Amino acid sequence: MKYFIVTYGCQMNVHESEKIAGILEGMGYECGQSREDADIIVFNTCAIREGAEDRVFGNVGNLKKQKKQNPNLIIVVCGCMTQKEQTASYLLKTFPFVDIVIGTFNLPNLAYYINAVKSGRQKDIWQEGDIDETQPYSRSSGDNAWVNIMQGCNNFCTYCIVPYVRGREKSRKEESILNEIKALIAEGNYKKFTLLGQNVNSYGNDLSDGVNFAKLLRDICRLDGDFTVSFMTSHPKDLSDELIDTIATEPKVEKYIHLPAQSGDNRILKLMNRKYTHEKYEEIIDKIRAKIPNCRITSDFIVGFPTETEEEFMRTMELVEKVRYDSIFAFMYSPREGTVASQMEGQIDEKVKHERVNKLLALSKKIQKEDNKS
């Protein structure tokens, strides 16, 4: 029996697909090379932007013929997109040939749902749960091992669906994280550990043992072995001086910080509920550059946020020009149902958003070219 997994979205989803693969291999499935030769197809979805959901709908719809030819084919749609009950209900109604629709927190129970389908019962459940540390991973990222240190988000940026589909922040206990990394070191296959969380800087805020992210990094670096440590993603409001010092002084920590700014304009940042100003953001960048001169810095930006004026967009351009990021990811604002920003007046025309994102990416490319020459 063969499985095939289609993964959308962030590194967290990639890592969760490794968990899905581990569950399926534990059930006796082997990884197939294509959808056509698979006995079970899993779509692990993303809900951050509308385009990602549209691609899921299109790809699921394309399986109707294959399901008709092979009624025993099991089709699973899971992840962030299906954590939204309305979207999950739409999937079940529109694509009745889909067997299993489950949300993010139900992934550890995937084997149960598959067996339920095989016995003639269908399961579609949405619920919130704790981080599951019992399921194996079938790791697929070479000598890099993803290590999830927390899940969820407490920030509620007005454009973002993550807190609604991932829940509130929940940190893993440091002992569990260290034990996982020790076991991976013992395997001898990994040279890099990438720590994952929606906002790694707030790791430990919900724990009572006094461990924060900087301490976790230092304790990981104390482990024996030849490896490096990286992490994503950081929120500027929680990036402390202690964390900057830790990155600067720990040889095993990669000198790289992904620090999403999202906008260079204070009014837009306030509308986004980002909880910092562009002045505060630039202050953080200056501290990083002062203490870690060789640090690579990358960022995310959203253009065309509701009511954004041309002048406010130009402040984003000015920030990118001033910081001179090693690279950026720039996105056109995409309304997500259920978020505050989707209800805001002053939605920006798509043509304007296209023009702005192209200008921003062109500027970033120009900066990279100049820096590469030097």
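The values are calculated or read from the model by the stated rules, or taken from the named source; none is laboratory data. All values derive from a computational prediction rather than experimental measurement. Here the Cβ is made from the backbone with ideal geometry for all residues, glycine too, and neighbour counts use every protein chain on show. The accessibility values were calculated without ligands, DNA or RNA, using every heavy atom of the protein model including side chains. Shrake-Rupley method; radii C 1.70, N 1.55, O 1.52, S 1.80 Å.
Values for this structure:
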item	result
Options V56, V76: the member that is under 18 Å from N115 (Cβ atoms) and in contact with a helix residue (DSSP H, G or I) (Cβ under 9 Å, 6 or more places away or on another chain)	V76
Options N59, N44: the member that is surrounded by 15 or more Cβ atoms within 10 Å (Cβ to Cβ), free of Cβ contacts under 8 Å to residues at least 60 places away in the same chain and not in a helix (DSSP H, G or I)	N44
Any hit, the range 237-256, residues being surrounded by 19 or more Cβ atoms within 10 Å (Cβ to Cβ), under 17 Å from V320 (Cα atoms) and either touching a Phe, Trp or Tyr at 6+ places or on another chain (Cβ under 6 Å) or modelled with pLDDT of 95 or more (or both)	no
Within the range 332-368, tally of residues that are of a type in the set (A, V, I, L, M), touching a Phe, Trp or Tyr at 6+ places or on another chain (Cβ under 8 Å) and in a helix (DSSP H, G or I)	4
Test: S364 is closer than 30 Å to D54 by Cβ, among the hydroxyl-bearing types (S, T, Y) and either open to solvent by 70 Å² or more (accessible area, probe 1.4 Å) or modelled with pLDDT under 95 (or both)	no
Per-region count, the range 22-37, residues assigned to a loop (DSSP other than H, G, I, E, B) and either in contact (Cβ under 8 Å) with a residue 60 or more places away in the chain or in contact with a helix residue (DSSP H, G or I) (Cβ under 9 Å, 6 or more places away or on another chain) (or both)	4
Those residues of the range 206-223 which are open to solvent by 40 Å² or more (accessible area, probe 1.4 Å), assigned to a loop (DSSP other than H, G, I, E, B) and modelled with pLDDT of 95 or more, in sequence order	N212, R222
Positions within the range 6-49 being among the aliphatic types (A, V, I, L, M), in contact with a Cys (Cβ under 8 Å, 6 or more places away or on another chain) and closer than 20 Å to G142 by Cβ, in sequence order	I20, A21
Qualifying residue in the range 18-36 (condition: closer than 30 Å to F231 by Cβ and acidic (D, E))	yes
Criterion (loosely packed, with under 14 Cβ neighbours inside 10 Å, in contact with a helix residue (DSSP H, G or I) (Cβ under 8 Å, 6 or more places away or on another chain) and at negative phi) met by exactly one of K322, K291, K351	K322
Selection from the range 154-194 of residues that are assigned to a helix (DSSP H, G or I), closer than 25 Å to I268 by Cα and either without any contact (Cβ under 8 Å) to a residue 60 or more places away in the chain or among the aliphatic types (A, V, I, L, M) (or both)	V162, P163, V165
